[in-house]
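In what follows, a single structure is set out as structure tokens and then discussed.
The values are calculated or read from the model by the stated rules, or taken from the named source; none is laboratory data. Every value quoted in this text rests on a predicted model; they were computed, and no experiment measured them. Glycine gets a Cβ as well: all are built from the backbone with ideal geometry, and neighbour counts include every protein chain shown.
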Amino acid sequence: MSVLNNIHERVGKDFALQILKLYEERDLFVNPQNEQYQELKEKLLKQDQLTFLLLRDFVWATRGSKHTDLLLLNSDTTSSFFSQNGNHPIAETSLAKNENYIKIGSFYDIHMVEVFEKIENILHYKKNITLDLRDNLGGRIENCLKLFAYFMPNTSNFLTLRYKKKVVYSNVESIGNHNQANVEIFINSNTASCAEIFAFGLKHFCSSGTKLSGSNPACKDFGQDILTFDELGVRMSIVSFMWEVDGYSIYDLVRKYDISPLPGGKDTICSMQPTASQQGCIQL
């Protein structure tokens, strides 16, 4: 099949079954044995004209979280986490004139490359550093763990990811000898996922040298697998795991550690209203 350009285009039944298999195996909130789920699935697969729109609507009708989604990459008519995250107006990394300050727009590679290029040199000469994670919606766990390694000693079972059928434990392997740095981390209600893990994880393990400033984060305690089907131009997000830091959920961590207000209440750095994916306990 060729790349899909319109949500009304047909998809093959084999592809639909592939999507449904991944969805049923990985999504935390989906029970394939549910009677209503089975009825909707049977109705979907009986369609003579099985379109991307019908497949997406099935996922929307049965998902337990709006962060499980299907996106047609060549269409601007599909609203999803991916478009919101990719086009976020302040999703940037800014190394300001103040060399102690780093604004991290996300934990995706496109933003973290610059951070990793600069941070070791900064930490080598500076003992105080400010990391701005306001409006950082998260990204790749691997980048989050790598950033920890610049500030923490070796730590076993630092992060726990609880999937539907397995539990994964992640460790931190220290980089260099920068564990004495004093770090202030700016957070706000749009700080989510990996950004929350980093902010509260560093506070938890390096409490005396870490200060949290701003306001309460998004409290997004789950993460997604991101799957891309290049042959069709389709991307799928599946809410597949819950996360904990040293056995603590984000709710536990928010209750455990104080967040100092920023001067003048400046806990946001953009005028954009929060999107649906940024409200409440939302998106790794």
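Within the stretch 170-188, how many residues turn out to be at pLDDT 95 or above and over 20 Å from N128 (Cβ atoms)? Here the count works out to 1. Within the stretch 178-204, the residues that satisfy the criterion of being more than 21 Å from the chain's Cα centre (by Cα) and of a type outside the set (G, A, S) are H178, N179, Q180, N182, V183, E184.
Taking the stretch 197-212 as the range and being surrounded by fewer than 21 Cβ atoms within 10 Å (Cβ to Cβ) and either touching a strand residue (DSSP E or B) at 6+ places or on another chain (Cβ under 8 Å) or β-branched (V, I, T) (or both) as the test, the residues that pass are H204, F205, C206, G209, K211. The residues listed here are N121, N136, N157, N171; of these, the one that is outside any strand (DSSP E or B) and either in contact with a Ser or Thr (Cβ under 9 Å, 6 or more places away or on another chain) or on the phi > 0 side of the Ramachandran plot (or both) is N136. Consider the stretch 24-70 and keep the residues that are touching a strand residue (DSSP E or B) at 6+ places or on another chain (Cβ under 8 Å) and over 24 Å from R10 (Cβ atoms). The one that is surrounded by the most Cβ atoms within 10 Å (Cβ to Cβ) is D27.
Rundown of residues vs (1) over 14 Å from E184 (Cα atoms); (2) at pLDDT below 90; (3) small (G, A, S), yes/no style:
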residue: G86; (1), (2), (3): yes, yes, yes
residue: S94; (1), (2), (3): yes, yes, yes
residue: N121; (1), (2), (3): yes, yes, no
residue: L131; (1), (2), (3): no, no, no
residue: M152; (1), (2), (3): yes, yes, no
